[in-house]
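Engineer: What follows is a structure written as structure tokens; I'll ask about it next.
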Amino acid sequence: NAEYMGRNIPTSPTFGSAMLLIVLLLNPWAAIDATWSSTSGVTVSSGTITKTGAAGWNAGTLSDVQITATGTSFRGFRFTLSQAQAALYVGFTSDTSGNWQQFVNNRQTIGFIFDTYQRVSVFQSGNTKLYRSGYQSGDVFEMFITSAGVVQFRRNSFVIEQGSVLATTTFPMRMKVEMYTTGSVISNVQFLNDTDIQAAEKSVANGESVVWTGLAVSGGATLSANGGIEKAITGSAWNMGAALSSQTISNAKSIVRGISFLVTRDVKAMTVGLVNRDRMLSSIGSLLDEVLFGFSLQVDGRLVAIDQGTSRQNIGVYGAGTRLELLINAMGYLEYYCDGVQIYYSTTTVDNYYPLYASFKGYTQQAAISNVVFTTASVSGVGYTLPSDNSAIRFVAYDTTAFTISGTTVTRIGSTQWRSISAGTFITSSLLSGSGSVNGIDFVVSSNNLRRFIGFSRLNSDTIDAYGGSSMTNVNTFLHGIYLDTTRRVAIRDVFGKGYFGGYQGGDKFSIRFYNGRFWYLRNGFLIYQSQPVNPLDLPLIPRIAMYDLSNSLTGLVWVQNNTLPASLVSLQQSPGENIPCTLR
């Protein structure tokens, strides 16, 4: 067979000659017979290369097709890796001696190195760049010289590494395959010309699925497509070995900048994040206990930030379908995202922790994540949105002896004391851009003469714990919000108490809106207060409710997310007036 434009074409004299003429007329660079020479210990058939000899760096083949300088003829290749857990090398070489240990001996080679732990490293000019990706059977790899003259390495259209410019003295080069593992197979070998490469450069994936090492299975996990992983060992305990990704975020200049994943089930405890354990897989199992940066998912539905290996803060809630992300920003700090909303910021850069692996460790049986990918940037906002306008607020798992929640109604039960609950939706710094976005909450007061506070607090460990705790005995933990007292007065807190701004009665509707960096407070559509500009250092802010008296309730409690304030507020043409409730004396 001959290979033209990556397509296998029969080479009978009549058909082959005619096809060759047609291809030459259509594309003068496409008509090159893809034959192989210096073959040893392998079989070659229709674009498929299989090792048949004994294990060792003793087998391979060299293409007759030449990889030439930028802008001329063929400049790369594509192939499918058809076997997992195999050791082999596939790349370019200018040495045609038939030595099948070229990359081992640091000769003139550049290419992919695949190991039996399903890791992919990159080799160029005697230097090995470790663990740039992982691999699975069926993955498609590409290597070619770009229009800029640099060598690019790809897995499933995702750029895993970009090498340096090749010296003109290295040309011409040929494709070389060196195989160690008996039964190693690559298939669908295609040589890429300018047209192919120009098309490839316009089609770049922004993420690649995580490949978990064999340790994941031996450590008590089952794997699924697209990076999915689930704890399989029975019992709720830290009794599975931590799963580690084959690929890494290698350094500050790495193309990969973070990880993204979906939570598969509700209330399953696990840790997911990044670790810097750069050692052989055989020694990892007993050493890897916790993630360095990432998320701890609690059995009560809370999300806890892990920062430098320490649980720092309760930062929200999760459920089945929640997307969580970690992204290294331009300054080297990690940003934590929940469904497209930034909810935490690491206290240090990760500069001293490279290389970083993805890690998963399940506590609850069937703890699982899916669609786990390494990404070039946050997928925040791509397919994930904030709660829709007028949707019910979802709260962090709460003390069921203190509150009942039914739809959009929250009611206080139990004993008389301050107790609070926190929501899992946030007001973030992105809203300070002045774009006109509005975030806030609406609620209706259903009873008089009862103490409650509705507003926003910082995300920090001093003011957020599982069920409010002793820190919630003081409403000063709120930065912004409305306090309703037993004498039907409405007090406003704007970092500090600002006094009373009217009264209230059962049935009144209150709105707290965050607009252009300020909070706007409304009662029955009437503007009663506008805050000072919010300090960006106080963000993100989390909606919270604190109640003291029993039978205290709020109804119609919804998250507000729309693009503009009511026209009456934008123009400051407020409602004509408001009813004047009488306070009790």
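The values are calculated or read from the model by the stated rules, or taken from the named source; none is laboratory data. On a predicted model such as this, the values are computed, not experimentally measured, just so you know. All Cβ positions, even for glycine, are placed from backbone atoms using ideal geometry, and neighbour counts span all protein chains on display. The protein model used for the area step is the full one, side chains on, heavy atoms only, and it has no ligands, DNA or RNA in it. Shrake-Rupley method; radii C 1.70, N 1.55, O 1.52, S 1.80 Å.
Engineer: Out of the stretch 175-190, which residues are outside any loop (DSSP other than H, G, I, E, B) and open to solvent by less than 10 Å² (accessible area, probe 1.4 Å)?
Structural biologist: If the condition is that a residue be outside any loop (DSSP other than H, G, I, E, B) and open to solvent by less than 10 Å² (accessible area, probe 1.4 Å), then Met175, Lys176, Val177, Glu178, Met179, Ile186, Val189 are the ones that fit.
Engineer: To continue, here is another question. Return the residue satisfying two criteria in turn: it lies in the stretch 77-108 and is β-branched (Val, Ile, Thr), touching a Ser or Thr at 6+ places or on another chain (Cβ under 9 Å) and surrounded by fewer than 22 Cβ atoms within 10 Å (Cβ to Cβ), and of such residues it is modelled with the highest pLDDT. It would help to see each step written out before you state the result.
Structural biologist: Step one: of the stretch 77-108, the residues β-branched (Val, Ile, Thr) are 80, 90, 93, 96, 104.
Add one more test, that the residue is touching a Ser or Thr at 6+ places or on another chain (Cβ under 9 Å), and what stays is 80, 93, 96.
Next, only the ones that are surrounded by fewer than 22 Cβ atoms within 10 Å (Cβ to Cβ) stay: 80, 96.
On the way: Thr80: 95, Thr96: 75.
Once the filter is applied, the top-ranked residue is Thr80.
Engineer: Say we look at the stretch 328-341 and pick out the residues that are closer than 20 Å to Ala269 by Cβ and part of a strand (DSSP E or B); which of these is modelled with the highest pLDDT? Spell out how you get there, then give the answer.
Structural biologist: Looking only at the stretch 328-341, we keep the residues that are closer than 20 Å to Ala269 by Cβ, and these are 336, 338-339.
Those still in the list that are part of a strand (DSSP E or B) too: 336, 338.
Working: Tyr336: 87, Cys338: 80.
Checked the stretch 328-341; the qualifying residue modelled with the highest pLDDT is Tyr336.
Engineer: So, in the stretch 478-508, exactly how many residues are aliphatic (A, V, I, L, M), open to solvent by 10 Å² or more (accessible area, probe 1.4 Å) and part of a strand (DSSP E or B)?
Structural biologist: Residues in the stretch 478-508 being aliphatic (A, V, I, L, M), open to solvent by 10 Å² or more (accessible area, probe 1.4 Å) and part of a strand (DSSP E or B): 1 in total.
Engineer: Something else now. In the stretch 485-515, what residues are in contact with a strand residue (DSSP E or B) (Cβ under 9 Å, 6 or more places away or on another chain) and without any contact (Cβ under 8 Å) to a residue 60 or more places away in the chain?
Structural biologist: Asp485, Val490, Ala491, Ile492, Arg493, Asp494, Val495, Gly497, Lys498, Gly499, Tyr500, Phe501
Engineer: I would also like to ask the following. Among the residues of the stretch 218-236, which ones are at pLDDT 85 or above and open to solvent by 10 Å² or more (accessible area, probe 1.4 Å)?
Structural biologist: Taking the stretch 218-236 as the starting set, the residues that turn out to be at pLDDT 85 or above are 221-236.
The answer is Thr222, Leu223, Ser224, Ala225, Asn226, Glu230, Ala232, Ile233, Thr234, Gly235, Ser236.
Engineer: Identify all residues within the stretch 324-339 that are open to solvent by 20 Å² or more (accessible area, probe 1.4 Å) and touching a strand residue (DSSP E or B) at 6+ places or on another chain (Cβ under 8 Å); write none if there are none.
Structural biologist: Leu327, Asn329, Met331, Tyr333, Glu335, Tyr337, Asp339
Engineer: Give all pairs with beta carbons closer than 8 Å in which a residue from the stretch 295-315 that is at negative phi meets a residue that is basic (Lys, Arg); count only pairs at least 6 apart in sequence or on separate chains.
Structural biologist: Sorted first by the residue in the stretch 295-315, then by its partner, the pairs are Leu297/Lys268; Val299/Lys268; Val304/Arg312; Ala305/Arg312; Ile306/Arg312; Asn314/Arg302.
Engineer: Look at Asn239 and say whether it is open to solvent by 20 Å² or more (accessible area, probe 1.4 Å) and part of a loop (DSSP other than H, G, I, E, B).
Structural biologist: The answer is yes for Asn239.
Engineer: Please enumerate the residues belonging to the stretch 242-276 that are open to solvent by 10 Å² or more (accessible area, probe 1.4 Å), of a type outside the set (A, V, I, L, M, F, W, C) and either under 13 Å from Leu356 (Cβ atoms) or free of Cβ contacts under 8 Å to residues at least 24 places away in the same chain (or both).
Structural biologist: Once the filter is applied, which keeps residues that are open to solvent by 10 Å² or more (accessible area, probe 1.4 Å), of a type outside the set (A, V, I, L, M, F, W, C) and either under 13 Å from Leu356 (Cβ atoms) or free of Cβ contacts under 8 Å to residues at least 24 places away in the same chain (or both), the stretch 242-276 yields Ser250, Asn251, Lys253, Ser254, Arg257, Asn276.
Engineer: Those residues that are more than 16 Å from Ile542 (Cβ to Cβ), over 15 Å from the mean Cα position of the chain (by Cα), part of a strand (DSSP E or B) and of a type outside the set (A, V, I, L, M), I need them from the stretch 297-327; list them, please.
Structural biologist: Result: Asp307, Thr310, Ser311.
Engineer: If Asn371 satisfies every condition in (1) of a type in the set (S, T, N, Q); (2) in a strand (DSSP E or B); (3) at pLDDT below 85 but one, which is the exception?
Structural biologist: Of (1) of a type in the set (S, T, N, Q); (2) in a strand (DSSP E or B); (3) at pLDDT below 85, only one is false for Asn371: (3).
Engineer: Restricting attention to the stretch 516-534, which residues are open to solvent by less than 40 Å² (accessible area, probe 1.4 Å), touching a strand residue (DSSP E or B) at 6+ places or on another chain (Cβ under 6 Å) and not β-branched (Val, Ile, Thr)?
Structural biologist: Result: Phe519, Trp520, Tyr521, Leu522, Arg523, Tyr529, Ser531.
Engineer: Just give me the residues in the stretch 178-217 being within 27 Å of Ser40 (Cα to Cα) and of a type in the set (D, E, K, R), in sequence order.
Structural biologist: Hit for the stretch 178-217 is Glu178, nothing else.
Engineer: To continue, here is another question. Collect the residues in the stretch 195-207 that are open to solvent by 20 Å² or more (accessible area, probe 1.4 Å) and part of a helix (DSSP H, G or I), keeping them in residue-number order.
Structural biologist: The answer is Thr195, Asp196, Gln198, Ala199, Glu201.
Engineer: Identify all residues within the stretch 109-122 that are more than 21 Å from Thr68 (Cβ to Cβ) and either modelled with pLDDT under 85 or part of a loop (DSSP other than H, G, I, E, B) (or both); write none if there are none.
Structural biologist: Asp115, Thr116, Tyr117, Gln118
Engineer: Here is a check on your reading of the model: is Pro543 surrounded by fewer than 20 Cβ atoms within 10 Å (Cβ to Cβ) and of a type outside the set (D, E, K, R)?
Structural biologist: Answer is no for this residue.
Engineer: Further question on the same structure: Please list, ordered by first then second residue, the pairs with beta carbon atoms under 8 Å, 6 or more apart or interchain, first in the stretch 220-237 and in contact (Cβ under 8 Å) with a residue 12 or more places away in the chain and farther than 16 Å from Leu262 by Cα, second aromatic (Phe, Trp, Tyr) and surrounded by 13 or more Cβ atoms within 10 Å (Cβ to Cβ).
Structural biologist: Partner pairs satisfying both residue conditions: Ala221/Trp212; Ala221/Phe360; Ser236/Tyr363; Ala237/Tyr363.
Engineer: Which ones in the stretch 123-174 are of a type in the set (Asp, Glu) and assigned to a loop (DSSP other than H, G, I, E, B)? I'd like the intermediate steps shown before the answer.
Structural biologist: So the first thing to find is which residues in the stretch 123-174 are of a type in the set (Asp, Glu), and the list is 139, 142, 161.
Within the stretch 123-174, just Asp139 meets the criteria.
Engineer: Among (1) at pLDDT 80 or above; (2) open to solvent by 70 Å² or more (accessible area, probe 1.4 Å), there is one condition Ser157 misses while meeting the rest; what is its number?
Structural biologist: Result: Ser157 passes all but (2).
Engineer: So, of the residues in the stretch 127-154 that are under 19 Å from Lys176 (Cβ atoms) and touching a helix residue (DSSP H, G or I) at 6+ places or on another chain (Cβ under 7 Å), which turns out to be surrounded by the most Cβ atoms within 10 Å (Cβ to Cβ)?
Structural biologist: Phe144
Engineer: Could you list all residues from the stretch 342-368 that are in contact with a Phe, Trp or Tyr (Cβ under 9 Å, 6 or more places away or on another chain), under 16 Å from Leu292 (Cβ atoms), outside any loop (DSSP other than H, G, I, E, B) and touching a residue at least 60 places away in the same chain (Cβ under 8 Å)?
Structural biologist: Listed by number, the residues that qualify are Tyr344, Leu356, Tyr357, Ala358, Phe360, Lys361.
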